[in-house]
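Novice: Just dropping this structure here.
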Protein chains: 4
Amino acid sequence: MLTIKRLDINDAYTLIEGARAKANEIGVPMCIAITDEGGNLIAFERMDGGKVTSSIIAMDKSYTASGAKKATHDYGAVSQPGAPAYGINSAIGGRLMVVGGGLPVIVDGDVVGGIGISSGTPVQDQEVAQAGIDHFLGSL
Amino acid sequence: MLTIKRLDINDAYTLIEGARAKANEIGVPMCIAITDEGGNLIAFERMDGGKVTSSIIAMDKSYTASGAKKATHDYGAVSQPGAPAYGINSAIGGRLMVVGGGLPVIVDGDVVGGIGISSGTPVQDQEVAQAGIDHFLGSL
Amino acid sequence: MLTIKRLDINDAYTLIEGARAKANEIGVPMCIAITDEGGNLIAFERMDGGKVTSSIIAMDKSYTASGAKKATHDYGAVSQPGAPAYGINSAIGGRLMVVGGGLPVIVDGDVVGGIGISSGTPVQDQEVAQAGIDHFLGSL
Amino acid sequence: MLTIKRLDINDAYTLIEGARAKANEIGVPMCIAITDEGGNLIAFERMDGGKVTSSIIAMDKSYTASGAKKATHDYGAVSQPGAPAYGINSAIGGRLMVVGGGLPVIVDGDVVGGIGISSGTPVQDQEVAQAGIDHFLGSL
């Protein structure tokens with residue numbers, strides 16, 4: 001039998017709180033999604049002005065990061081033409097996201113969930129995702 | 001040009017707050033989804049213990065209620081065998097929900113969004129959705 | 001080789017015009033979809049106030065009616081529990097509509113396209129679809 | 001609560017009218033889709049001779065442009081191999097279009113909807129979309 005560590009709903013809101021603060025700081029309203037370690041959605045917020053198209057993208061970035069235990073921008077690097085994971089972006093009906101902004105949430109070496117951000121540039125999205133994680137880890 | 005009224009993110013959290021309180025009162029952890037009047041997701045919470053399968057169901061109940069301006073249990077009544085809307089439950093790739101727990105959010109006669117609840121019985125889901133709306137309307 | 005008769009875009013707008021007039025007469029803003037005899041969309045109008053969820057439903061009713069050369073309410077009758085086509089409503093990813101409001105457009109015995117209506121009751125939808133066809137046939 | 005400005009059905013037909021005129025001028029029959037600011041379809045026309053495959057492409061270009069508040073050709077530039085949004089084209093089940101021909105419709109700084117064109121080259125599609133917008137803005 002396995003014993004799994006997993007984000008609870010309060011952890012999810014702490015992650016959102018940190019991401020929202022950074023999004024406000026850089027002036028880009030974001031879609032923010034938090035998944036558990038199984039890739040299932042725990043919480044989601046579309047800030048006023050966040051993009052409609054980014055709702056699913058944020059959820060799928062978080063799904064990818066937590067389910068694959070890997071940052072989505074790392075998939076971006078290995079899925080370029082000629083690279084080993086070329087074409088992986090259309091897997092799972094397009095849910096496998098290779099664009100930056102999805103990060104696994106890691107505690108004591110275990111992936112306990114993920115965070116996915118969308119509405120800005122991939123660099124902004126990734127920065128906001130990291131701010132969510134930093135705020136969460138600082139609260140432990 | 002049309003001018004539309006729509007829930008903002010603070011309204012969405014007020015709706016969630018009211019639904020969560022009722023869910024706690026009846027002891028059933030719920031998935032709670034809030035959409036805008038166009039059916040697009042604004043906010044989502046899966047309470048600790050909420051069902052994984054209920055995540056999409058809650059989102060689709062809210063999508064149905066806001067997009068069709070109609071409670072999902074009303075679709076349940078008119079889609080029974082022999083009734084005029086029989087078979088509507090599989091429309092839109094199955095997103096058209098006819099099970100109770102999705103309600104439109106109406107302010108001054110306008111549908112401004114929707115709330116969808118899932119994890120309990122349809123009656124419990126509907127009760128929790130209504131509690132979210134009551135709490136929101138009471139806050140205006 | 002086959003020679004096919006098919007609605008052109010002007011025919012499609014004539015069908016929409018007739019449906020819109022009836023929708024206004026009964027006071028129910030509708031989604032109106034016109035497909036060709038191959039089930040492919042030619043024209044679509046969501047009247048102001050038409051339901052967001054009804055967009056795809058109207059298109060799929062028209063797709064069903066033209067592609068299957070059959071009114072959607074006829075599928076409703078034969079897909080009841082115990083009837084021969086029971087369960088057909090979830091076919092084609094849920095695109096096979098068995099709710100009234102989709103009618104084939106027939107000229108000189110040939111199906112040349114379809115019309116699908118959604119946002120009212122199935123009876124209203126069917127009435128508006130028929131009004132579109134009557135207006136179109138009267139214009140020939 | 002938010003207050004939103006949105007294209008109405010007459011605005012949608014004005015956009016189509018401008019796009020159709022340009023399509024006729026360059027001799028390329030087009031699929032023309034108009035969405036509201038939430039990405040939901042308002043109106044669609046497949047001109048006689050427009051491509052069947054272009055129906056969904058036009059709708060998804062308009063969905064992308066209005067939902068993401070961004071021209072689809074701008075996504076094309078940033079999603080090239082090695083660029084930051086590489087791989088975004090398969091997001092949202094492939095609905096996120098990065099090919100030119102989708103433009104947001106902006107009035108007084110607000111995105112109020114979108115227009116999506118398909119059947120020509122991406123450059124032709126974009127030109128026809130712009131003509132629709134120019135005609136609409138000129139009518140205000």
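The values are calculated or read from the model by the stated rules, or taken from the named source; none is laboratory data. Everything quoted here is computed from the prediction, not taken from an experiment. Here the Cβ is made from the backbone with ideal geometry for all residues, glycine too, and neighbour counts use every protein chain on show. Keep in mind that these areas ignore ligands, DNA and RNA; they rest on the heavy atoms of the full protein, side chains included. Shrake-Rupley method; radii C 1.70, N 1.55, O 1.52, S 1.80 Å.
Novice: From the label point of D:THR53, set 7 Å from Cα along Cα→Cβ, how far away are the matching label points in the other copies, in nm, ordered shortest to longest?
Specialist: Here D:THR53 shows inter-copy label distances of 2.1, 3.4, 3.9 nm.
Novice: Accessible surface of C:ARG95 in the full protein assembly, 1.4 angstrom probe, to the nearest 10 Å²?
Specialist: 90 Å²
Novice: In Å, what Kirkwood hydrodynamic radius results for chain C from the alpha-carbon pair distances?
Specialist: 14.5 Å
Novice: Next question. If you count, for every residue in C:84-94, the Cβ atoms of partner chains within 10 Å of its Cβ, what is the mean?
Specialist: On the way: counts 0, 0, 2, 2, 2, 7, 6, 1, 1, 4, 10.
Other-chain Cβ atoms within 10 Å of each residue's Cβ, averaged: 3.
Novice: Also: What pairs in A:LYS51/B:LYS22; A:LYS70/B:LYS61; C:LYS51/D:LYS22; B:LYS61/D:LYS70; C:LYS5/D:LYS51 have C-alpha atoms more than 21 Å from each other? Provide the component values of the computation, followed by the final result.
Specialist: Details: A:LYS51/B:LYS22 31 Å; A:LYS70/B:LYS61 32 Å; C:LYS51/D:LYS22 31 Å; B:LYS61/D:LYS70 29 Å; C:LYS5/D:LYS51 17 Å.
A:LYS51/B:LYS22; A:LYS70/B:LYS61; C:LYS51/D:LYS22; B:LYS61/D:LYS70, as the Cα separations exceed 21 Å there.
Novice: Looking at C:ALA91, B:ILE106, D:GLY101, which one has the Cα that reaches farthest to the positive end of the dipole of the protein assembly as shown (charges on Cβ: Lys, Arg +1; Asp, Glu -1)?
Specialist: Positive-most Cα among the choices belongs to C:ALA91.
Novice: Helix-only estimate, please: 222 nm mean residue ellipticity of the protein assembly as shown, summing -39500 (n - 2.57) across DSSP H runs of length 4 or more and dividing by its residues, to the nearest 500. Numbers along the way, then the final one.
Specialist: Values: 18 runs with 241 residues, N = 560.
Result for the protein assembly as shown, helices only: -13500 deg cm²/dmol.
Novice: Could you tell me the convex hull volume per residue, in Å³, taken over the Cα atoms of segment A:68-127?
Specialist: So the per-residue Cα hull volume is 90 Å³.
Novice: Can you pull the accessible area of C:MET47 for me, 1.4 Å probe, Å² to the nearest 10?
Specialist: Spelled out: C:MET47, probe radius 1.4 Å, area about 20 Å².
Novice: Let me ask another. Report ³J(HN,Hα) in whole Hz for each residue of segment C:13-28, in order, from the Karplus equation J = 6.51 cos²θ - 1.76 cosθ + 1.60 where θ = phi - 60°; Gly and Pro get x.
Specialist: With coefficients 6.51, -1.76 and 1.60, one gets 5, 5, 4, 4, 4, x, 5, 4, 4, 5, 4, 5, 4, 8, x, 10 Hz.
Novice: Read phi for every residue in segment D:93-107 and hand back ³J(HN,Hα) as whole Hz from Karplus 6.51 cos²θ - 1.76 cosθ + 1.60, θ = phi - 60°, with x for Gly and Pro.
Specialist: Result, ordered by residue: x, x, 6, 6, 8, 10, 8, x, x, x, 10, x, 9, 10, 10 Hz.
Novice: Still on this structure, please answer the following. Residue by residue through segment A:32-45, which ³J(HN,Hα) values in whole Hz follow from phi under the Karplus form 6.51 cos²θ - 1.76 cosθ + 1.60 (θ = phi - 60°), with glycine and proline marked x?
Specialist: 10, 10, 10, 10, 7, 5, x, x, 8, 5, 9, 8, 8, 9
Novice: If you don't mind, there's one more thing I want to ask. Rounded to whole Å, how close does chain C get to the rotation axis onto B by Cβ? Give me the residue too, please?
Specialist: Closest to the rotation axis on chain C: C:SER90, 3.
Novice: Here is a follow-up. Per the 1.4 Å probe, what fraction of the accessible area of chain B, in percent, lies on carbon and sulfur atoms?
Specialist: Carbon-and-sulfur percentage of accessible area, whole number: 53.
Novice: Give me the summed buried accessible area for the B-D pair, 1.4 Å probe, to the nearest 100 Å².
Specialist: 1300 Å²
Novice: Could you list which residues have their amide H under 5 Å from that of B:GLY120, counting only those 5 or more apart in sequence or on another chain, with H placed in the peptide plane?
Specialist: B:ASP125
Novice: To the nearest 0.05, how large is the calculated FRET efficiency for B:ASN10 and C:SER139 if R₀ is 56 Å and r is the Cβ-Cβ distance? Before the final figure, lay out each step's value.
Specialist: Numbers: r = 52 Å, r/R0 = 0.93.
So, using R0 = 56 Å, E works out to roughly 0.60.
Novice: Same structure, new question: Pull up all non-local amide H partners of B:LEU2: gap of 5 or more, or a different chain, and H-to-H distance under 5 Å with H placed in the peptide plane.
Specialist: D:ARG6, D:LEU7, D:ASP8
Novice: Would you mind checking segment C:65-100 for residues with the amide N under 20 Å from a putative spin-label position 7 Å along Cα→C-beta of C:ILE106?
Specialist: C:65-79, C:97-100
Novice: Shifting gears a bit: With the calculation restricted to Cα positions, what are the radius of gyration and Dmax of the protein assembly as shown in angstrom?
Specialist: 23.4, 76
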